[in-house]
1. Report the full-extension gain for the segment Ala259 to Ala178: residue separation times 0.36 nm, less the Cα-Cα distance, to one decimal in nm.
2. What is the Cα coordinate range of the stretch 80-187 on the first, second and third principal axes, sorted by size from largest, in whole angstrom?
3. Read phi for every residue in the stretch 49-58 and hand back ³J(HN,Hα) as whole Hz from Karplus 6.51 cos²θ - 1.76 cosθ + 1.60, θ = phi - 60°, with x for Gly and Pro.
4. Quick one: if the Förster radius is 45 Å, what FRET efficiency do Thr308 and Glu345 give, using the C-beta to C-beta distance and rounding to 0.05?
5. Most fluctuating residue of Ala281, Ala397, Ala408 in a GNM of the chain with Cα springs under 10 Å: which is it?
6. Could you compute the net charge surrounding Asp231? Neighbours are other residues with a C-beta less than 15 Å from the C-beta of Asp231; K and R count +1, D and E count -1.
7. What are the principal axis extents of the Cα atoms in the chain, in Å, biggest first?
8. Compare Ala139, Ala232, Ala116 in a GNM of the chain, Cα atoms joined below 10 Å, and give the one with the largest fluctuation.
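Nothing in this text is a laboratory measurement; each read-out follows from the coordinates by a stated rule. Here the structure is a predicted model, which is why all the values come from computation and not from measurement. No Cβ is skipped: glycine too gets one built from the backbone with ideal geometry, and neighbour counts run over all protein chains shown.
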Amino acid sequence: MEKTTAPADLTTAPRDRATAGAETTATEPTAVLKATDAEPVALKAALREEVETHRAALLALSARIHAHPETAFEEHRAAAWCAELLGEHGFVVTAPAFGLDTAVSATIGSGPVTVALACEYDALPGLGHACGHNLIAAAGLGAALALAPYADELGLTVRVLGTPAEERGAGKALLIDAGAFDGVDAAMMVHPCPFEMADFRSFALGTLSVTYTGRSAHPSLNPHEGRNAADALTVAQVALGLLRQQLPPQWRVHGITTAAGTAPNAIPDRATASYEIRALAAEDLRELRERVENCFRAGALATGCEVTLERPEPDYLDFRGDPELIALWQTNARALGRAEPVEREPFACTDMGNVSHLVPSIHPVLDISGGACGPHEPEFAAAAVSPAAERALLDGALGMAWTAADFAYRRRARAASS
C-alpha cells in the first residue's frame, strides 16, 4: 500500500511553514536570507549551520541503515527511515514511488531550478554495507535538509530520490524510465572510497544470462543420442578466451558457470552461466555484447544445443560528469578541507551513469579508509561507520548543498543577463 506524507501529489508545492509547524517538526532557518545578486557566501555559512543542526539525526540514520543491511529491491526499512526523516521536516514525500516498492521521492521548494539528490541504500549480499551506501543515503538527506529552508530564496526545487538496487538491478535506469528525473536540471550524489575524486568516471556494464538446452543420455550406453549442454558452455568459454586477445585494453568479459549437470553418469541436458561485460563507453558496450553473444551462439552451434540469451537487468552506462558541476564541487571540497582529488581511469560501474547521460551530474568520491581497503571488501564495511566516514558524510552533505546553491546562483545570473 502506498504511504504518503500529505500532500500526496508530488506536483503540489509544500505548505507554508507558518501553517505547517503544528503538523511537522520542520526546522526553521538559522538565518533569514534572501537571494541577492551576490554569490551566496553568507548563505553557505547558514547551510553549514543547518547540516550541523541535523548532525545527530544524519549520523544516526547512517548507523541504523548500516546495522540493518538490505540487498537490492529489499531496502524496505532504509527507504521508510529516509521517508520518515524527510516528512518530519516538511518535504512532500511519496513512498513507494515510481512503481518501485523501495523507491522514495520527496520534494521541497518551488523554484525554477530543480536539483535531484540521489540516495542509495542497498547493501551487498554477504558483505553488508561494504560499499558504504549508508553514507550515501545520509549525505543526500543532509544536503536536502540543509537546503530546505532556503530553497525558495535560491530559486530551487529540491528533489530527493531514494534509489534502490544500485549494486544489482540498475534501479536508477528503472527510475529514469518511470520519469523520476524528468525536469531535473542537475543531479548529484557522493560515494565513499579509499581516495578522493571530483571527476569520477566509470565503465559501462552489461549483464548476460545464458541457458543451454541439450538432450540427456547415458554416457556409456548411448552417448551419441545426447546433446551435451555442458560441452556447449565449454566451447563458448574457449571462444571467449580467444576473443579476449583481440579486445581493446579497457574491455572486460567475466562470468561464472551456475549449472552444468548434476551427475557424471548422465550427459547434461542443461547448463547455465552468468556473465558481465564492461567497456569504456555505452557505444562500445553494444559492440562488445554482440561479439560475446556470438561466442555463446557458437557453443550451441557446435554441440547441437539450443541457447537462450537474456539481459537480467538494464545496462549500466558510463558516468559522464558535468564540467561545471565538477568545478563547483571541487572548489567547495577544498573549502571543506578535503584532500586534493586524484585522477584515475574508470574502475567501477554505477547506474548513476545512466542519469549522467540524461541530466548534468556529479558523483564525487570521498576517502574514508586512507587507501587501507576499498569497496566490496569486508574491511570497508567497518570503515563505513568510522570517524572518517562520519566526516565524509557531513562534508558530502554540505558540499552538495553548497554546490546546489552555486548552481542555482549561476542559473539565476544567466537568466538575468539574457
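1. Working: separation 81, 0.36 × 81 = 29.16 nm, distance 3.47 nm.
Taking Ala259 through Ala178 to full extension adds about 25.7 nm, to one decimal.
2. Principal-axis extents of the stretch 80-187 (Cα, largest first): 45, 26, 21 Å.
3. Here the 3J(HN,Hα) series is 5, 5, 4, 5, 4, 9, 3, 4, 5, 5 Hz.
4. Working: r = 35 Å, r/R0 = 0.77.
The calculated FRET efficiency here is 0.85.
5. Result for the chain, Cα springs under 10 Å: Ala281 fluctuates most.
6. Numbers: positive: Arg215, Arg227, Arg270, Arg297; negative: Glu225, Asp269, Glu306.
Charge balance near Asp231 sits at +1.
7. 87, 44, 43
8. Ala232
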